[in-house]
Structures are given as structure tokens and as C-alpha cells.
Amino acid sequence: MGQTYKLSPSILAADFNRLGEQIQLVEQAGATYLHIDVMDGDFVPSISFGMPVIRSLRRESKLIFDVHLMVSNPERYIEVFADCGSDLITVHVEACRQIDRVIQQIKDCGCKAGVALNPVTSLHTLDYIIDQVDMILIMTVNPGFGGQEYIKTSTRKIAKLREGLNDLGLSTDIQVDGGIRKDNVDVVLNAGANVIVSGTSIFSGDIEQNVKDYLQIFRQRTETN
Ligand code: DX5
Ligand code: ZN
């Protein structure tokens, strides 16, 4: 069965002075997800934005809000992020004391549940939760900042994960985040990723055209598969 590819533009790279307008552009161009990076200054060095921003964006957008919590002990905030309008909530395995509980908490709020792994976190951390999650996020940079270089060892990690999922008969989404551009997206798609996050390569230059270029890459792969 062919993969369904999705593009999740990361607003971390948007111009916050024109945020609503730029989100409309990605929506008009055909994106279906919106990647929203929440940073707490503890799990990662930087602080981004939080609930009031998401709540406000929710009023104007029908995109699937893909909320990436780079937050220590995120179980403290799941209900409130669900209430703000998140559709999919991703938490880091490194940030949770009992990740299986947090996954259940996300689902109990009616959201899809994702788990994220930092670049050096082993795939074995997924062993006992792999069949409980809707999406696995393989970080392809160390989280905390946009505009970093893709970490090349991520490619075999993605491939190994897709192979493991196939062996288990699971078609779980694999998301990749960090350093993805139009000129290297094929590498992660070939490895088995199907949900592509990109900030810098979407919000620099012609936003609508950038989204369309990615969607065209996806379409070509779907047609040739
Ligand atoms: C990094 C964030 C990413 C970031 C990606 O911590 O999780 O979502 O926005 O940005 P680019 O595409 O610029 O690497
Ligand atoms: Zn992210």
C-alpha cells in the first residue's frame, strides 16, 4: 500500500508580525497540517509561545494543529493544550516520567498522540508503546531552534523504524523535523518518513510556492508508487 504524505509547515520560522496571514497562505496552497513548536526553556534552551497563541490561531484556521511539546513533564499541560484546539499532541520520551500514561492522557482528551525521539535517543524506547501511538516523530536536529542542519545519521534511524513498523504490521506515521529542505526531502521519504515538518524552507521566500513544490514532490512519488 502506498504511503500518504503530509506536509506540516512549522510556524517557528514564520514572521510573527504577520502570522495569521502566513498561515492562510500555507492553507490556501494545500497544506493540511500546521506544526506548532512549544518550547519551555527547560527541556530545550529556548522559549517560543504557548496556549494563548494557539487558541487565537484556532479561531481562524481549519488546519490540523500538530503541536510539538518540547516541554519537561508535559503531563502538566495536556488538557489545556487539547482545550486550546490541538488535534495531535506530540511529547518527547525524554521529557516524560511515564510515557505510556501521557499517551493515554492525550487520547483521553480526544487528540491523536505522537511521541518524539531526540537524535541520540534509541528506537528501543518505543518497544512497549509502539502500538499505542498515532505518530512517531524522529527529530533530525537537536530540538530547540529552527534553521539547523539535518543530522545525517537520522536516515538509517528512520529506515530502521519503518522496517520495524512493517514487521509489526503497523502503518504508523513517521514524522521528521529539523533541517528538511526541498533538496533533501527525498532522503527522508526514501527512508520511510511520511509526515514532513519544515520551517525555514517554507517560510523563506514565496510561501505558497514552497508549499506547492513540496506537495508536487509528494504527488510524483504517489503516482510512481
Ligand atoms: C526544532 C523544531 C522544528 C523547527 C524546524 O526544535 O522542532 O519544528 O521549526 O525548523 P527548520 O525546518 O528550519 O529546521
Ligand atoms: Zn517541531
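The values are calculated or read from the model by the stated rules, or taken from the named source; none is laboratory data. As the structure is a prediction and not an experimental result, all values here were calculated from the model. Ideal geometry is used to build each Cβ from the backbone, glycine not excepted, and the neighbour counts take in all protein chains shown.
Quick check, is Ile129 over 17 Å from the mean Cα position of the chain (by Cα), at negative phi, surrounded by 14 or more Cβ atoms within 10 Å (Cβ to Cβ) and not hydroxyl-bearing (Ser, Thr, Tyr)?
Taking the combined requirement at face value, the residue satisfies it.
Taking Val141 as meeting all but one of (1) away from ligand 2 (no atom under 13 Å from the Cβ); (2) touching a residue at least 24 places away in the same chain (Cβ under 8 Å), write down the number of the exception.
In the conditions (1) away from ligand 2 (no atom under 13 Å from the Cβ); (2) touching a residue at least 24 places away in the same chain (Cβ under 8 Å), Val141 misses (1) alone.
For the condition without any contact (Cβ under 8 Å) to a residue 24 or more places away in the chain and surrounded by 14 or more Cβ atoms within 10 Å (Cβ to Cβ), what is the one hit in Cys96, Cys111?
Cys96
Is it true that Thr121 is crowded, with 16+ Cβ neighbours inside 10 Å, away from ligand 1 (no atom under 15 Å from the Cβ) and at pLDDT 95 or above?
no
If the requirement is being in contact (Cβ under 8 Å) with a residue 24 or more places away in the chain, part of a helix (DSSP H, G or I) and within 14 Å of ligand 2 (Cβ to nearest atom), which of these qualifies: Ile180, Ile202?
Ile202
Out of all the residues in region 186-199, which are crowded, with 23+ Cβ neighbours inside 10 Å, more than 10 Å from ligand 1 (Cβ to nearest atom) and not in a loop (DSSP other than H, G, I, E, B)?
The answer is Val188, Val195.
Which pairs turn up if I take residues in region 33-47 that are among the acidic types (Asp, Glu) and look for partners that are in a loop (DSSP other than H, G, I, E, B) with beta carbon separation below 6 Å, at least 6 apart in sequence or on another chain?
Filtered contacts from region 33-47: Asp37/Ser48; Asp40/Val71; Asp42/Ser72.
Of the numbered conditions (1) under 16 Å from Tyr33 (Cα atoms); (2) over 16 Å from the mean Cα position of the chain (by Cα), Ile196 fails exactly one; give the number of that condition.
Among (1) under 16 Å from Tyr33 (Cα atoms); (2) over 16 Å from the mean Cα position of the chain (by Cα), Ile196 violates only (2).
Name the single residue that is farthest from ligand 2 (Cβ to nearest atom) among those in region 144-155 being touching a helix residue (DSSP H, G or I) at 6+ places or on another chain (Cβ under 6 Å) and touching a residue at least 60 places away in the same chain (Cβ under 8 Å).
Gly147
From the residues in region 38-63 that are within 15 Å of ligand 1 (Cβ to nearest atom) and either modelled with pLDDT under 95 or not in a loop (DSSP other than H, G, I, E, B) (or both), which one is surrounded by the most Cβ atoms within 10 Å (Cβ to Cβ)?
Val38
Take the residues in region 64-81 that are part of a strand (DSSP E or B) and β-branched (Val, Ile, Thr); name whichever of them is surrounded by the most Cβ atoms within 10 Å (Cβ to Cβ).
In this case the residue turns out to be Val67.
Across region 1-37, which residue is nearest to ligand 2 (Cβ to nearest atom) among those that are part of a loop (DSSP other than H, G, I, E, B) and touching a Phe, Trp or Tyr at 6+ places or on another chain (Cβ under 6 Å)?
So, considering only residues that are part of a loop (DSSP other than H, G, I, E, B) and touching a Phe, Trp or Tyr at 6+ places or on another chain (Cβ under 6 Å), the one nearest to ligand 2 (Cβ to nearest atom) is Ala14.
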